[in-house]
2 protein chains.
Amino acid sequence: MDEEVYPLVGNDLKILQKKNLYRFGLEAVLLADFVQGKRGQKAVDLGSGDGVIPLLLAYKKKIRVMGLELQKELVDLSRRSVVMNGLEDLVEIRQLDITGVSHYLDGHSFHIVTANPPFFPQKEGRQNPDPSLAVARHELAANLEDFIAAGAFLLRAGGSFYLVHRPARLLYIFSLCEENQLEPKKMRLVYPRQNKEANIVLLKCVKGGGKGLHIMPPLVIYEGNDYSQEVQEIYLGG
Amino acid sequence: MDEEVYPLVGNDLKILQKKNLYRFGLEAVLLADFVQGKRGQKAVDLGSGDGVIPLLLAYKKKIRVMGLELQKELVDLSRRSVVMNGLEDLVEIRQLDITGVSHYLDGHSFHIVTANPPFFPQKEGRQNPDPSLAVARHELAANLEDFIAAGAFLLRAGGSFYLVHRPARLLYIFSLCEENQLEPKKMRLVYPRQNKEANIVLLKCVKGGGKGLHIMPPLVIYEGNDYSQEVQEIYLGG
């Protein structure tokens, strides 16, 4: 069988993964950790893939999360992960195209939106020959603009939009956020090593928020051959 | 006498400072170090204060630098520092208002522009009661827009604009750069300590440059009670 059970948060949470389907990466785990949310708040994860962000938000923060995912195989797989962890009361996965989200869901209805969109524009870099994997890495089904517009539509006033992306596109991200009344309030740069360029940016925007960006302490992934203390805590922490 | 000689780059370079006049801070030293320039290139420093950036660029990188400064006392003081270091062939200080720079200087005439503008808008935070000091910290004589417009005017196509400022205004900085065809290419965040929010941003923009921002490794100022290794090298290095 090409399916395996992968441990999250030590061994307390588990996620099903399948060869030839999207499997979460470090950036999704960092984004889930970056979210500030309270028990009972409503969140939506745009393009939820194998369900890693909904599972982590529900398990770690007791947030109610709706995951929106286009691919049926990933929807099925992540639904089974939800059941396996007994998180049916907190997590719902729906098969939806985020570009049409306003036809299916009410606007202004969520406290939190999370998005880990494809990192690369359609024509940049090598595309995965497997269409199911290509869509997670390249902007084939939905682009950054679609993700940010969907988030802005779904959020309540004062709600928070959390995005993980590449630093190279930071200016474009800021301009899209501004167009959509999402004010960047908190940013964290992720550096693979202390002496390397940042390769991931975590951003929190507030819908209709006031001006003033805070840049949080640097997050460094590796020290020597190991994950840094902080990353180990993020992976293991409850 | 209220004047003193302050050592820069070990003891090889010296700068005159006067009580009750602007004296350079760490951010100016970091900006000068951030500049990538070649011997013989022409640079202009907007609002050169006590002349620290022109002196460092000339001494360390053999760049020809024109410093533009509004306050006569600072112009006189920095001119004497230039002579004291024997850098008259490389550094010229002119008493000019940067908001009127197009009346006095040719456009498209410099390879490099540096700017360490006042960090605070006119109405934000406490103003220094001494007007000469207030103007260096608050946007009284010229604001960020004036600095960026002056830089864009003076630079050749492909020339580099170097700015040091506060992270809180990063979005505004990016939007002003875009309006002025200055493309942000390289950014470095400066963190007072490894676990603190960034309080300084160093930015390099290229006039008419292509898209794609690189975020350089984090620059951390203090480790324990001392400057970090890198900051010590910046202060002492030749």
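Readers should treat all values here as calculations from the given coordinates under stated rules, not as data from a laboratory. It should be emphasised that the depicted structure is a prediction, and the values quoted were computed from it without experimental measurement. Please note: Cβ atoms are built from the backbone with ideal geometry, for glycine as well, and neighbour counts cover all protein chains shown.
Please identify, among A:Ile215, A:Ile112, A:Ile173, the residue showing maximal mean-square fluctuation in a Gaussian network model of chain A using a 10 angstrom Cα cutoff.
A:Ile215
In nm to one decimal, list the spacings between the B:Glu88 label point and its equivalents in the other copies, with label points set 7 Å along Cα to Cβ, shortest first.
8.9
Arranged from highest to lowest average of other beta-carbon atoms within 10 Å per residue, in what order do the peptides A:175-183, B:83-91 appear?
On the way: A:175-183: 17.9, B:83-91: 15.4.
Highest-to-lowest ranking by the protection proxy: A:175-183, B:83-91.
Using Cα pairs closer than 8 Å and at least 6 residues apart in sequence, work out the relative contact order for the range A:3-236, in percent. Show your work: numbers first, answer last.
Working: 485 pairs, mean separation 39.5, N = 234.
Worked out over the range A:3-236, it gives 17 percent.
If one computes the Cα centroid of the range B:52-84 and of the range B:192-206, what distance in Å separates the two points?
Each part reduced to its Cα centre gives a spacing of 25 Å.
When only DSSP loop residues count, what trypsin sites (Lys or Arg not before Pro) in the range B:100-179 have their Cβ near at most 15 other Cβ atoms within 10 Å?
B:Lys123, B:Arg126
Once you average over the residues of A:196-206, how many Cβ atoms of partner chains fall within 10 Å of each Cβ?
Values: counts 3, 8, 9, 1, 1, 2, 0, 0, 0, 0, 0.
Neighbouring Cβ atoms belonging to other protein chains average 2 per residue here.
Hey, got the dipole for the protein assembly as shown? About the Cα centre, +1 on K and R Cβ, -1 on D and E Cβ, debye to the nearest 20?
On the way: 58 positive and 58 negative charges, 5 e Å.
Charge dipole, the protein assembly as shown, about its Cα centre: 20 debye, nearest 20.
For the range B:50-112, rounded, prolate or oblate, judged on the Cα gyration tensor with a ≥ b ≥ c (square roots of eigenvalues), a/c < 1.5 rounded, else prolate if a/b > b/c? It would help to have the intermediate numbers written out before the result.
Details: a/c = 2.44, a/b = 1.24, b/c = 1.96.
In terms of gyration-tensor shape, oblate.
How much of the DSSP bridge set in the protein assembly as shown is antiparallel, in percent, rounded to the nearest 5?
Working: 44 of 92 bridges.
The answer is about 50 percent antiparallel.
Give, to the nearest whole percent, the P(r) tail of the range A:158-215 beyond 12 angstrom, counting all Cα pairs.
Values: 1060 of 1653 pairs.
Here the tail beyond 12 Å accounts for 64 percent of pairs.
Rounded to the nearest 500, what is the 222 nm mean residue ellipticity of chain B from helices alone, with -39500 (n - 2.57) per DSSP H run of 4+ residues and division by all residues?
Details: 8 runs with 72 residues, N = 238.
Value at 222 nm, helices only: -8500 deg cm²/dmol.
So what are chain B's ellipsoid semi-axes, whole angstrom, largest first, if each one is the square root of 5 times an eigenvalue of the alpha-carbon gyration tensor?
On the way: eigenvalues 109, 97, 75 Å².
Equivalent ellipsoid of chain B: 23, 22, 19 Å, largest first.
According to the square roots a ≥ b ≥ c of the eigenvalues of the Cα gyration tensor, what is the shape class of the range B:1-108, taking rounded for a/c under 1.5, prolate for a/b larger than b/c otherwise, and oblate for the remainder?
On the way: a/c = 1.69, a/b = 1.15, b/c = 1.47.
Here the range B:1-108 falls in the oblate category.
Which Cβ of chain A lies nearest the axis of the rotation superposing A onto B, and at what whole-Å distance?
Taking Cβ atoms only, the nearest residue and its distance are A:Pro218, 2.
Please work out whether the range A:106-216 counts as rounded, prolate or oblate from its C-alpha gyration tensor, where a ≥ b ≥ c are the square roots of the eigenvalues and a/c under 1.5 means rounded, while otherwise a/b larger than b/c means prolate and anything else oblate?
Details: a/c = 2.27, a/b = 1.24, b/c = 1.83.
Oblate shape, in that a/c is at least 1.5 and b/c is the bigger or equal ratio.
Any idea what the dipole of chain A comes to, in debye rounded to 20, about its Cα centre with Lys/Arg Cβ at +1 and Asp/Glu Cβ at -1? Walk me through the intermediate numbers first.
On the way: 29 positive and 29 negative charges, 120 e Å.
The dipole magnitude comes to about 580 debye.
Shortest first, in nm, what separates the label point of B:Gly40 from those of the same position in the other copies (7 Å along Cα→Cβ)?
7.2
When the distances between all Cα atoms of the range A:72-167 are binned every 5 Å from zero, what whole-number percent does each bin get?
Spelled out per bin, shortest first, that is 3, 12, 17, 21, 21, 17, 7, 2, 0.
Counting DSSP beta bridges in the range A:3-236, what percent are antiparallel, to the nearest 5?
Working: 22 of 46 bridges.
So the antiparallel bridges amount to about 50 percent of the total.
I need the P(r) histogram for the protein assembly as shown: all alpha carbon pairs, bin width 10 Å from 0 out to the longest distance, whole percents.
P(r) over the protein assembly as shown, rounded to whole percents: 4, 19, 26, 21, 14, 10, 5, 1, 0.
If you keep only loop residues by DSSP, which trypsin sites (Lys or Arg not before Pro) in the range A:195-232 have at most 12 other Cβ atoms within 10 Å of their Cβ?
Details: sites: A:Lys196, A:Lys204, A:Lys207, A:Lys211; in loops: A:Lys196, A:Lys211.
Passing sites in the range A:195-232 are A:Lys211.
Note the distances from A:Asp2 to each other copy's matching label point, with points 7 Å along the Cα-to-beta-carbon direction, in nm, sorted shortest first.
7.9
Could you work out which residue, out of A:Arg193, A:Arg64, A:Arg94, moves most in a Gaussian network model of chain A, that is, has the largest mean-square fluctuation with Cα springs under 10 Å?
Largest GNM mean-square fluctuation: A:Arg193.
For each pair in B:Lys72/B:Lys204; A:Lys185/B:Lys204; B:Lys38/B:Lys204; A:Lys38/A:Lys204; A:Lys211/B:Lys207, compute the distance between the two Cα atoms and list the pairs where it is over 25 Å. Let's see the in-between values first.
Numbers: B:Lys72/B:Lys204 29 Å; A:Lys185/B:Lys204 23 Å; B:Lys38/B:Lys204 16 Å; A:Lys38/A:Lys204 16 Å; A:Lys211/B:Lys207 27 Å.
From the list (B:Lys72/B:Lys204; A:Lys185/B:Lys204; B:Lys38/B:Lys204; A:Lys38/A:Lys204; A:Lys211/B:Lys207), the Cα-Cα distance tops 25 Å for B:Lys72/B:Lys204; A:Lys211/B:Lys207.
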